[in-house]
Each structure stands twice: as C-alpha cells, then as structure tokens.
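J.: First the structure, which I've put down as structure tokens, then a few questions once you've had a look.
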Amino acid sequence: MLDGAEEMNLGYYPGCALHGSSNDYEQSLRACLGALDVQLQEINDWICCGATAAHALNHKLSLALPARNLALAERDGLKQLFAPCPLCSMQLLKVQKAVADGNGLRTELSQIVEAEVRGDGQILNLIQVFQTIGLDKLKAAVKEPLKSISAACYYGCLLTRPPEVVHFDDFEQPKSMEAVLAALGAKTVEWNYKTECCGAGMTMSSEDTVLDLAHKILSNAAAHGANCVVVACPMCHVNLDMKQAAVEQRYHEKLGMVIYYLSDLVGLAMGLSAEQLGVNRHFVTKA
C-alpha cells in the first residue's frame, strides 16, 4: 500500500474481451490498480453486454443485456462501476440514459431481467478511474519517470462517443489521457488520428479495410514523432498490436510501434515490471 493511502473499492465489469483475447489487459489493470490501492469487486454472474451484435438482432435485447449487469451491480451496492472496455462502458451508459429518459422502459427492462434496474450508479472508464484516484497521487507514486516515452494517445472511436451518451472529454480533441501521461513524466505528440476508428469490428469481414485504417493510424503516429501508441481499449490494442506485422507486410514498411495500455505505462512508471503487467505478452514489445 502507498504511504498514507486509503484503499479504494470499485465495482468491476471486465466484459468478454478481458476474460478472453485481451486477458493481458486485465493482468495490467489488476497489477497497476492494485499498486495504487484500488480493489476491484467483480460483478457476480455478469454476462456479455452485447455490444458487437445485439443491436443488429433486437433493440430491446441490446438494452436488456447491459441492464442486467447494471441490476447486478446495484444489487451488490456498487455505486461506481469500472468498465475498462469502451464498448462495454458505452453500452452501460446507453441503458442508463434510456432508463432515465422514461417511457416506462425502466419497468419493462426490470421485468425482462427479473431484477430492479435503477441506472443510478456511476460508470467509469480507465481514464476516469485515474482521475478519481487523482493525478497528484499518480505523480507521487512515480518511481521511474517515463522520460524516454513520446506517446501518441489513441482514444479510438468509442471512448468519447457518442458524446450525448458518454459525456466524457472533448469527443474530437480529448486531452485527458495526455494529462495522465504528463503526471508520469512522459511526452505526448499532437497527431491526426487520436479519435479515428481502427476498424477492429471489421477484422473478420473486411481485412483490407482494417489494415488500411491501422496503417494510417500507426504511420501518422510515427510521422508526428511518437515511439509508442497508448490505448484504453482492448479491441484497439488487439488490432494495432496483433495486426501490425500484416500492416508492415502489406505496405512494405517497418513500423515497430509499441502499443501500450494506459495502465501499462502507469505501472511501469510506478516500478512494476513488464512481466507483472503483461507487457512482455504483446506482439510488438520494442521498436
């Protein structure tokens, strides 16, 4: 525990990715937040939020799936719920907004999921968790300032959108991730693609489009002086890290761009090892 620190308890909704293809993200989160005295209370019996497919099948289903997770968190008395995947957090926030807008939807969803859905808790993404901890506390916890880091902060398309649902930062020119990295002693670059889509949702259906989008993001970050890209989304990380070799082969261009989760850099600055954080498990581990 950090000197003089008080333990923080957060409800935790990992979502499917962090228990599957992106379990390195969960490893990073638990190591980093544990070192900051944050205890994660995972929702018992959570289910998929349906972000990738439910809306195409049935509108009520797309609301009922995240509504059930909200109801479980509310049942457990969790006032703050951390959802590290932007797709998941957007789904949770969307159902909160739908319930707040009325039209009898609160009652209907409660009947569907067989539990009361109030929608009155606070949903936090990873950056908001660090803001809640406090940037001063982050700065005080730094043991190894990240002076060699020149980062392109990549928010992707859902961390700040849709703005009328997520109400987080400026949806076109966000700066909150840059503020976290500044507290760690890292430099950040201004670049053109920080909120553009990486195409992760089309990985199986349109690989050419995905590789083109990933190339634009990675090459633009490099052109503006970045030696790494920092993300807070498991889908963005998988796409930019795992697909990078295919991008290099397609465009005959060596990129070698390391893709960090934001929690990776916070952890490294606090003196945690790459092995503790899971950084050594990434496809691109150094330029």
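J.: For the structure I just gave you, tell me whether Ala200 is touching a Cys at 6+ places or on another chain (Cβ under 7 Å) and modelled with pLDDT under 95. Working first, answer last.
T.: Numbers: touching a Cys at 6+ places or on another chain (Cβ under 7 Å): yes; modelled with pLDDT under 95: yes.
Judged against the criteria, Ala200 is a match.
J.: Specify the residue that is farthest from Glu7 (Cα to Cα); the eligible residues are those in the range 98-135 that are in a strand (DSSP E or B) and in contact with a helix residue (DSSP H, G or I) (Cβ under 7 Å, 6 or more places away or on another chain).
T.: Ile123
J.: For the range 120-138, does any single residue satisfy the condition of being more than 30 Å from Ser176 (Cα to Cα) and modelled with pLDDT of 95 or more?
T.: no
J.: On the basis of being under 21 Å from Ala222 (Cα atoms), buried (at least 17 other Cβ atoms within 10 Å of the Cβ), acidic (Asp, Glu) and touching a residue at least 12 places away in the same chain (Cβ under 8 Å), does Glu172 make the cut?
T.: So Glu172 does not fit the description; no.
J.: Turning to a different aspect of this structure: Scan the range 112-146 for residues that are in contact (Cβ under 8 Å) with a residue 12 or more places away in the chain and over 21 Å from Ala35 (Cα atoms) and report the count.
T.: 11
J.: Are any residues in the range 218-256 among the hydrophobic types (A, V, I, L, M, F, W, C) and closer than 26 Å to Val129 by Cα, and if so, which ones?
T.: Ala221, Ala226, Cys228, Val229, Val230, Val231, Ala232, Cys233, Met235, Cys236, Val238, Leu240
J.: Pick from Ala100, Ala83, Ala64, Ala71: which is small (Gly, Ala, Ser) and either crowded, with 24+ Cβ neighbours inside 10 Å or touching a Cys at 6+ places or on another chain (Cβ under 8 Å) (or both)?
T.: Answer to the check: Ala83.
J.: I would also like to ask the following. From Ala140, Ala182, which residue is touching a strand residue (DSSP E or B) at 6+ places or on another chain (Cβ under 9 Å), assigned to a helix (DSSP H, G or I), hydrophobic (A, V, I, L, M, F, W, C) and not assigned by TED's automatic domain parsing to the domain that holds Asp76? Talk me through it step by step, then tell me what you get.
T.: Values: Ala140 fails: touching a strand residue (DSSP E or B) at 6+ places or on another chain (Cβ under 9 Å).
Of the residues listed, the single one that is touching a strand residue (DSSP E or B) at 6+ places or on another chain (Cβ under 9 Å), assigned to a helix (DSSP H, G or I), hydrophobic (A, V, I, L, M, F, W, C) and not assigned by TED's automatic domain parsing to the domain that holds Asp76 is Ala182.
J.: Quick check: is even one residue across the range 254-262 more than 26 Å from Arg161 (Cα to Cα) and either modelled with pLDDT under 95 or under 19 Å from the mean Cα position of the chain (by Cα) (or both)?
T.: No, the range 254-262 contains no residue that is more than 26 Å from Arg161 (Cα to Cα) and either modelled with pLDDT under 95 or under 19 Å from the mean Cα position of the chain (by Cα) (or both).
The values are calculated or read from the model by the stated rules, or taken from the named source; none is laboratory data. As the structure is a computational prediction, the values presented were derived from the model and not from experiment. Note: ideal-geometry Cβ built from the backbone for every residue, glycine included; neighbour counts use all protein chains shown.
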